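Note sheet for the following structure.
The values are calculated or read from the model by the stated rules, or taken from the named source; none is laboratory data. Note that the structure is a prediction, hence the values are computed from the model and not measured. With ideal geometry, Cβ positions are generated from the backbone for all residues, glycine too; neighbour counts draw on all protein chains shown. Heads up: the accessible areas ignore ligands, DNA and RNA and are worked out on the full protein's heavy atoms, side chains in. Shrake-Rupley method; radii C 1.70, N 1.55, O 1.52, S 1.80 Å.
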2 protein chains.
Amino acid sequence: MDDYLIQRKQLIADDRALRIDHTAQRKIPDEEHQADKILGHIRSSEAESVWSATQPMKQLHGSQQLFPGMEFLTARETIVGTKLFDILSKMPKGGLLHAHHAAMVRVDVLLRLALSQPAVHIRVPAVLSLATIGTVLPEFRGLPRAEWTTHPSITDQRYAPDTWVPIQNARSNFSHALSGPEGFDRWFTNTMTINPSEAYGTHNTTGEIWKKFQSTFIAAQGLIFFEPISTEYIRELFDASIEDGISYVEIRMAFHQKYMTGADGERNVPHRVWLQLYDRVLEEVKADMKQQGREDEFVGSRIIYSILRIITPEEIEWYLEDCIAMKQEFPHLISGFDLVGHEDTLLPLIYYAEPLLRFVERQKELGIEIPFMFHAGETLGDGTVADMNLYDAILLGTKRIGHGFSLIKHPKLMQICREKDICVEERNTGMAPFGSLYIMRVQSLAQRLTGSMPMHPLPAVMNQGVHVALCSDDPAVFGNMGLTFDFYQVFVASEVKSLATLHELVWDSIRYSALDCEEKESAFGKLERRWNIFVRYILDTYGAEG
Amino acid sequence: MDDYLIQRKQLIADDRALRIDHTAQRKIPDEEHQADKILGHIRSSEAESVWSATQPMKQLHGSQQLFPGMEFLTARETIVGTKLFDILSKMPKGGLLHAHHAAMVRVDVLLRLALSQPAVHIRVPAVLSLATIGTVLPEFRGLPRAEWTTHPSITDQRYAPDTWVPIQNARSNFSHALSGPEGFDRWFTNTMTINPSEAYGTHNTTGEIWKKFQSTFIAAQGLIFFEPISTEYIRELFDASIEDGISYVEIRMAFHQKYMTGADGERNVPHRVWLQLYDRVLEEVKADMKQQGREDEFVGSRIIYSILRIITPEEIEWYLEDCIAMKQEFPHLISGFDLVGHEDTLLPLIYYAEPLLRFVERQKELGIEIPFMFHAGETLGDGTVADMNLYDAILLGTKRIGHGFSLIKHPKLMQICREKDICVEERNTGMAPFGSLYIMRVQSLAQRLTGSMPMHPLPAVMNQGVHVALCSDDPAVFGNMGLTFDFYQVFVASEVKSLATLHELVWDSIRYSALDCEEKESAFGKLERRWNIFVRYILDTYGAEG
């Protein structure tokens, strides 16, 4: 029996040898060991007190037992109330490497920004009433001064469909039958987000949820791409990330539209001005942080040039050239290239292989580097086009893989990820419908990939030695702002994940970023200081629970 | 670009090199190639015509799009109506290597058997009424002649709780308010099975569904372990398997109870008589098949001696000795040993390691072989006791792994499975709540492991070169009789699975069985003949669709 126990210990060690928390060379300080013990205790005790008790479930079916890996949108409130969540909200998160620009700011904040701009108007294709409010989608636009209107309302029977109404008027005069201004706010929120009954009920297939998901982007677009709002929006994006302990963000920005609407209401602001604007806000935020003595909390931001996978190989040429031009003008901002959109129904990478291979050649000639950061394998399919994207992403030399939900089915590709050090950007909370089954968001943000956390492939992929960067992806749509939810899910879903695992995930998020060596060194130094403060916080606040 | 396409082809081949349909040395005949094309066409066309159309969903939420990998219990009716299901129902399935004796016969058949025995009585702890019918569970027993009663009803207000009523009376006089005899049949069915609203609604956590699952076994026990019914039950088990194209069954029989109730109503029939009875029925069925000229359709059956993982290490000693005694008396029947029950809450393998190691030694001394066929890793947990069972199952030398749902998280263990040729018994249809996410039943029969098929780890495990035997597990409880549903799910869930994949799964089910070399050769010969007939059937019936 003694022999058996020795063999057993060895087998477990061998099996876990590829895990990041085992390959890390770091010597764990005593204080962190103590803090880890405390976290472990809290995890066990909350598993009992919070998740085992049968509680009425508000949103869905009659009653249902809550568990930490259940559908994110349903469990959200309960998660936020736990000690573990409180602790992890204080943890320095490192970098956020996969997040879409258009879904990064809380909807109530976006509404506030919109209401602050008198140029912003709204229109709907039909008078808004109890009968139409569930289906009619609004359009927003910052209009030139000459086109501003004084129309009073979009809920009045006299409203002529598709005419512009100042958003302030539309809100103030929102009909009583639809609950007045508060009703407006609620409707605005509903058009921009996905709620549990939609995610798990009415839109509960991959295709349906994608439709709703796209509609949220379309509705937000007229606001986010109005220059005065855009500036504030980016500032909010940085502020909210910093608030959650994120010190670096790599944003996938859609350059599909060639122009943004300027403050004068004219749609003529080109990509280079977008980047100037981004750069300016970034520098302002950095200066602010410095002034506040919080330099450790923010190291910067980069942009991944992204376009929708719906264009032709001919059309992509313009964007690839544009991407190169932007990289040449803003070498410190443009750090990658990606194709985005629903992989199951849009065009596969192989369709663009020729121009993309030429793009790589062009970069060599010009002596610049814009690594691919492809979305790939965000699907439940086996051998479908979306699944096959993984082969092309890797052959084209992708530096990271967006989601890679189906990667677990590909032993050779996982081996290549290990050998070439390709990192997977994983959502593991967010929404089941898009979500994954590893952990709540490892799910692919826009598909009904996994119903709940413990089914997500994340633990399996991590155990096979593939490095992972946790991501919020499209937080505004699902309300999973920041990365605290993701780290929470990773930690509660496993008995073998420790504070050391979280540490490696945080450090990996800088390691696999587009920062250069020097910047990384500096970022690690800052992280180290903050990590020590975090460990101290756990000991000081929850020391009695160890 | 040409280079790229060559590299791509090679990469895909390398990635799939471990798959059973790639490692198989078999030369695929032209006819099978044609049949495979036909199946592929039908899969695509039914993906469109059956699964893409939005249809009202009868049992659950308002409306929901059907898809082949959705919750099994909901999609069942639609699956049965497809051409693909029709074809696969004709396919020779080889062996069924993981199925529990107590959940193998359709509930209506079990009811017919019970009604045919005048000794069978029923009792309930409270008068059955509209108020109690949803919660009260019946108990059944074959009584000694002297204890037979003439009580008329269990729904009459004068019924004294817990008194025995002949089952015939209970059914005939079932109250009109509860729909009379038909209502009795429905109630009987409900107590023995799990329906979609229970599986996905009210009992939708692992713990809850296990409770309901156990209650179905408790209710059935008094019937299945009454000798006159038991005999017919085993005959039905063989007949139904043969009907589905299964030619060999390895049954996990629970020997937890030391005695069965005999025809005389006395509970004194020991294990050796159970096996005599099993053997007799087996020989009768074989003789029947021979007489009908259908010898190719049935090669035999074996038993895996199973006990519940709730006893102490002291108590297990008696069973291990009993198992050895049974093996010595019935060497052609007893072919393995297993511990069964909900892994997440019952005792782990490590708890029994000492007596199990001695059991192995004892076998060596006696020159007999009773391989372990352990249930392990039937869990969503990561590092939980159920997940850790995988280490012990493998260290103890298990020949196969029951379910191994969490195996995908363990790279070293998958490597050992490849090297030591350990096969995984996978459920992939059945019920999501227990089910798996590989494919509908690969799920672990008694847990809410996976909501729908494409999330099951089966494709991932198979792609990593681990051999899999598809299993029905507890078909009576969920209505997934036979293996046709499982093969259906495997085939529709993937674009890269072909008739050759199914062929390898079928052949593996004999390869990894407890049959000896000679028996396997003979079984393969029979399978080969039937496979050719099956291929011919596809060409003849659906040739026009190729």
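Residues whose amide H lies under 5 Å from that of A:I401, counting only those 5 or more places away or on a different chain, are A:C423, A:V424, A:E425; hydrogens are built 1.01 Å from N in the peptide plane. Plainly put, the tip 7 Å out from Cα toward Cβ on A:I368 is 7.8 nm from that tip on each other copy, the closest given first. Note: relative contact order over segment B:118-192, using C-alpha pairs below 8 Å and six or more positions apart, is 33 percent.
Find out how many positive minus negative residues lie around A:A177, taking Lys and Arg as positive, Asp and Glu as negative, among other residues whose Cβ is under 14 Å from that of A:A177. Present the calculation step by step, with values, prior to reporting the outcome.
Working: positive: A:R186; negative: A:D156, A:E182.
Net local charge, A:A177 excluded: -1.
The HN-Hα couplings worked out from phi for segment A:287-296 by the Karplus form 6.51 cos²θ - 1.76 cosθ + 1.60 (θ = phi - 60°) are 4, 4, 5, 4, 4, 7, x, 10, 4, 5 Hz, whole numbers, x standing for Gly and Pro. Ordered by 1.4 Å accessible area with all protein chains kept, A:M414, A:M388 run largest first as A:M388, A:M414.
Inter-label distance, A:K364 to B:A13: 2.5 nm, where each label sits 7 Å from its Cα along the C-beta direction. For the set B:T191, A:T23, the ranking by accessible area, highest first and with no ligand, DNA or RNA atoms included, is A:T23, B:T191 under a 1.4 Å probe.
Dividing the summed helix terms, -39500 (n - 2.57) for each DSSP H run of n ≥ 4, by the number of residues in chain B produces a 222 nm estimate of -14000 deg cm²/dmol to the nearest 500. In this calculation the C-beta distance from A:D421 to A:Y259 is compared with R0 = 41 Å, giving a FRET efficiency of 0.60. Distant-in-sequence amide contacts of B:I334, defined by a placed amide H-H separation under 5 Å and a gap of 5 or more residues or a different chain, comprise B:I303.
With θ taken as phi - 60° and the Karplus curve 6.51 cos²θ - 1.76 cosθ + 1.60 applied, the whole-hertz 3J(HN,Hα) list for segment B:346-353 is 8, 7, x, 4, 4, 4, 9, 4 Hz, x standing for glycine and proline. Amide H contacts of A:H256: A:L308, each under 5 Å away and 5 or more positions distant or on a separate chain (H built 1.01 Å from N in the peptide plane; Pro and chain starts excluded). When DSSP beta bridges are restricted to pairs lying wholly in the protein assembly as shown, around 30% turn out antiparallel. Using θ = phi - 60° in the Karplus curve 6.51 cos²θ - 1.76 cosθ + 1.60, the 3J(HN,Hα) couplings for segment B:222-231 round to x, 8, 5, 9, 9, 3, x, 6, 3, 4 Hz; x is entered for Gly and Pro.
For segment B:118-192, take the alpha-carbon Rg, divide it by the Kirkwood Rh, and send me Rg/Rh.
Reported Rg/Rh (Cα atoms, Kirkwood Rh): 0.93.
Based on the Cβ-Cβ distance from B:S45 to B:L539, what FRET efficiency comes out when R0 is 30 Å, to the nearest 0.05? That pair, B:S45 with B:L539, gives E of 0.95. Computed with a 1.4 Å probe over protein heavy atoms only, the accessible area of A:H456 comes to about 10 Å². The order of the peptides A:101-109, B:152-160 by mean Cβ neighbours within 10 Å, most packed first, is A:101-109, B:152-160.
Net length available on complete extension from A:Q291 to A:V109 is 63.1 nm, with 0.36 nm assigned per residue and the Cα-Cα distance removed. Distance between the C-alpha centres of segment B:153-174 and segment B:243-304: 33 Å, rounded to the whole angstrom. Between B:L357 and A:R158, the simple spin-label model (points 7 angstrom out along Cα→Cβ) gives 9.1 nm.
Give me the accessible area buried between chains B and A, both sides summed, with a 1.4 Å probe, in Å² rounded to the nearest 100.
The contact between A and B buries close to 5000 Å².
Of all beta bridges that DSSP places with both ends in segment A:248-369, some 20 percent have antiparallel geometry. Of A:E232, A:E361, the order by accessible heavy-atom surface (1.4 Å probe, DNA, RNA and ligands excluded), from most exposed downward, is A:E361, A:E232. With r defined as the distance between the Cβ atoms of A:D516 and B:D2 and R0 fixed at 35 Å, what FRET efficiency is calculated, to the nearest 0.05? The value I calculate is 0.50.
Express the relative contact order of chain B as a whole percentage, based on alpha carbon pairs under 8 Å and six or more residues apart in sequence.
Over chain B, the number comes to 19 percent.
The residues of segment B:118-192 expose on average 51 square angstrom of accessible surface per residue, using a 1.4 Å probe on protein heavy atoms.
Count Lys and Arg as plus one, Asp and Glu as minus one, and take only other residues whose Cβ is under 10 Å from that of B:G383; the net charge is then 0. Here the simple spin-label model places points 7 Å from the Cα toward Cβ, and for A:E283 and B:S179 these points are separated by 7.6 nm. Surface calculation, 1.4 Å probe, protein heavy atoms: A:F372 sits at approximately 10 Å² accessible.
Positive contributions from Lys and Arg (+1) and negative ones from Asp and Glu (-1), summed over other residues with Cβ under 12 Å from the Cβ of B:K290, come out at -4. With Cα atoms defining each centre, segment A:387-407 and segment A:480-541 are spaced 25 Å apart in the structure.
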